[in-house]
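The structure appears right after this line, and notes come after that.
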Amino acid sequence: MRQVIASSIVVLVLAVGAAASSSVQTPPAPDKQAVIEHQFAVAPNAAPPAPKNPHYVPPHDPPQPQVQLRQVSSKELQAPVSPAIFTPTSQWIDVVGGTQIAVYGGSHGRAGAIYVWITNLETGLDDPDKGLFVSRTPPGPLTLTGVSGTTVSFEGPSGEGTFDLVTHAFR
């Protein structure tokens with residue numbers, strides 16, 4: 001009895017499978033086939049496709065610095081960190097030898113802070129030296145005033161100061 005039931009199930013499964021596969025293989029209706037052929041048709045006066053050279057590598061064209069230091073409000077820019085952690089007030093972005101350096105002045109809570117974001121443009125990877133650096137000075141946001149070499153100048157409620165991009169030290 002079990003063999004009869006099992007063989008009945010197998011026959012039923014094969015019949016359903018055959019019916020399903022035959023419906024998949026039916027060609028589209030003639031009007032639909034005409035639309036498909038029209039969509040992929042090459043125009044009669046079209047030029048032949050250009051030959052492809054799989055060994056061609058385009059010349060390296062590194063980006064050039066174009067963004068100048070300017071004062072902006074926190075509504076005009078967004079640092080690459082959550083606004084719950086860092087509120088930016090100003091930014092400076094430059095590209096040096098295939099590396100993009102972005103420095104943001106602002107605040108972390110009520111303390112002044114600087115966020116540094118360094119990216120290798122050739123690999124697309126972020127530098128491990130990036131991060132949020134919080135000042136130990138009195139509360140208030142920091143606003144960038146200039147960048148020279150590896151030194152970032154800023155002003156805050158307690159006056160002017162600098163931040164070293166290499167040592168991450170505030171002065």
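A few comments on the model shown:
- Whole-Å distance, taken between Cα centres, linking the stretch 117-131 and the stretch 77-94: 16
- Relative contact order of the stretch 87-164, defined on C-alpha pairs under 8 angstrom at six or more residues apart (%): 24
- Extending 7 Å from Cα along the Cβ direction at residue 111 and again at residue 166 yields two label points whose distance is 2.5 nm.
- Distance between modelled label sites at residue 96 and residue 29, nm, 7 Å Cα→Cβ extension: 6.7
- Gain upon complete extension [residue 39, residue 125; 0.36 nm per residue less C-alpha separation]: 26.9 nm
- Shown here: the stretch 87-164, whose C-alpha atoms stretch 39, 23, 17 Å along the first, second and third principal axes, sorted largest to smallest.
- Placing pseudo-labels 7 Å out from each Cα toward the beta carbon at residue 158 and residue 61 gives an inter-label distance of 4.8 nm.
- Long-range HN-HN contacts of residue 121 with modeled amide H, under 5 Å: 99, 100
Read-outs: derived from the displayed coordinates by stated rules, not from any lab. Just so we're clear, the structure is a prediction, and the values are computed from it rather than from any experiment. Please note: Cβ atoms are built from the backbone with ideal geometry, for glycine as well, and neighbour counts cover all protein chains shown.
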